[in-house]
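**Student:** One structure is given below, represented as structure tokens, and several questions about it will come after.
Where a number appears in this text, it was derived from the coordinates with a stated rule and is not lab data. Because the structure is predicted, anything quoted here is derived from the model rather than measured. Positions of Cβ are backbone-derived with ideal geometry, glycine not excepted, and every protein chain shown enters the neighbour counts.
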């Protein structure tokens, strides 16, 4: 049972600090609700009830928040320890799940509202199990990927639902640090000529730019949480972080990432205004598209790359084996479709044979010598890769990985939900939509580290958007 410390403040003290209280109250805009879980009762004296948490719960909250914060930093910098951090986080969360008051019974109770999500996420594990039984190639890596998305997500979710919400929110600073660090890497490799920074750590320039933009958006949306005593400074710094992140994203010269920018703007608009009616979203959606187009067009380099995309795509229709970036992508997409058609239900049975099978299509003249010589092992498209590798079963599993959390986050963005929960829901929608739309032009789930980050972030934001969880601590 949570203990409460009762702090009695005399009328004289209240009068001395009345100005401070007025300032705090004046800052409780719709974006600031839920920062201080303090209950004030004015009975001539001020009674302040502040929750006091057990030391074990405080320690668990600190460790989980720290590991969540560190993970994106290691994913987009030269530290390259994202998988190690994920395993540490999973181990800590497993211990928290088992040692919390009530034990397994409490854990199962907390998971009760997420049974639909569990069914959706564990489909991926079922698909890989079927592939393992049917095939002769070891697919240990794919089993690990599915375990991270299913078991990993629920371990982290179960632990977060047993911890302190305000402490968990502090993990947002990891996204802030990542935005600044990743932009620094992009600029370091791009300057002084502003060439494309192909040497960015751990990812190609497209994935790196997409993830950098996502970190900046998550950091910006977290303005809705008051994480420090220095509210104005915090807001200004996070707005500056968004500007820095946008600069880094533009520096990577990533084109496909701009497809999701209007959605990010629209989610932010819904978060601030609380308007969710489709009829009322038409004009804001149009404005979001115009803003995104105007910002992208402001960069001469991006305008040039957009022009190249159009001309190269047009050329590919008349010369399917043209040696261009866009034509090579279309060749890989065509090959993925042919692999899917060979076995629509199960596909190739593994992600490992895409590259070796490419030789056969090269001999048939379907892909160019250049594309074959590059040794591509994937088609730069998450959905087509899932279809080629595991057929309709794989595509279903992938869509459920996005659709199930999307549905939950979308419902929690409604104006009836508390504002702290809505902030987390908006961040969750940005995360899910970001990965989904980025995946149209790039393989976002290419590596085990990005899969781990997605699983971690979904679980973290599901907990912080859960009003039942928040009400036990902050209302």
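**Student:** What's the exposure ranking of 382, 113, 467, going from fewest to most Cβ atoms within 10 Å?
**Tutor:** By the 10 Å Cβ count, ascending: 113, 467, 382.
**Student:** So, one more: At 222 nm, what value in deg cm²/dmol follows for the chain if DSSP H runs of at least 4 each add -39500 (n - 2.57) and the sum is divided by all its residues, to the nearest 500?
**Tutor:** Calculated mean residue ellipticity at 222 nm is -22000 deg cm²/dmol.
**Student:** Can you give me the C-alpha center-to-center distance between segment 154-179 and segment 384-444, rounded to a whole angstrom?
**Tutor:** Their Cα centres are 19 Å away from one another.
**Student:** Something else about it: Could you tell me whether segment 129-254 comes out rounded, prolate or oblate from its Cα gyration tensor? Rule is a ≥ b ≥ c as square roots of the eigenvalues, rounded for a/c under 1.5, then prolate if a/b exceeds b/c, otherwise oblate.
**Tutor:** Oblate is the answer for segment 129-254, as a/c is 1.5 or above yet b/c matches or exceeds a/b.
**Student:** Can I ask one more? In percent, how large is the relative contact order of the chain, given Cα pairs closer than 8 Å and 6 or more residues apart? Could you put the intermediate results ahead of the total?
**Tutor:** Working: 710 pairs, mean separation 95.7, N = 475.
This gives 20 percent for the chain.
**Student:** Roughly what angle does helix 354-363 make with the longest principal axis of the chain, taking Cα atoms, 0 to 90 degrees, to the nearest 10?
**Tutor:** That works out to roughly 30 degrees.
**Student:** Take the alpha carbon gyration tensor of the chain, find the square roots of its eigenvalues, order them as a ≥ b ≥ c, and report rounded if a/c is under 1.5; if not, report prolate when a/b exceeds b/c, else oblate.
**Tutor:** Here the chain falls in the prolate category.
**Student:** Still on this structure, please answer the following. From the square roots a ≥ b ≥ c of the eigenvalues of the alpha-carbon gyration tensor of segment 47-141, which class results: rounded (a/c under 1.5), prolate (a/b over b/c), or oblate?
**Tutor:** Oblate shape, in that a/c is at least 1.5 and b/c is the bigger or equal ratio.
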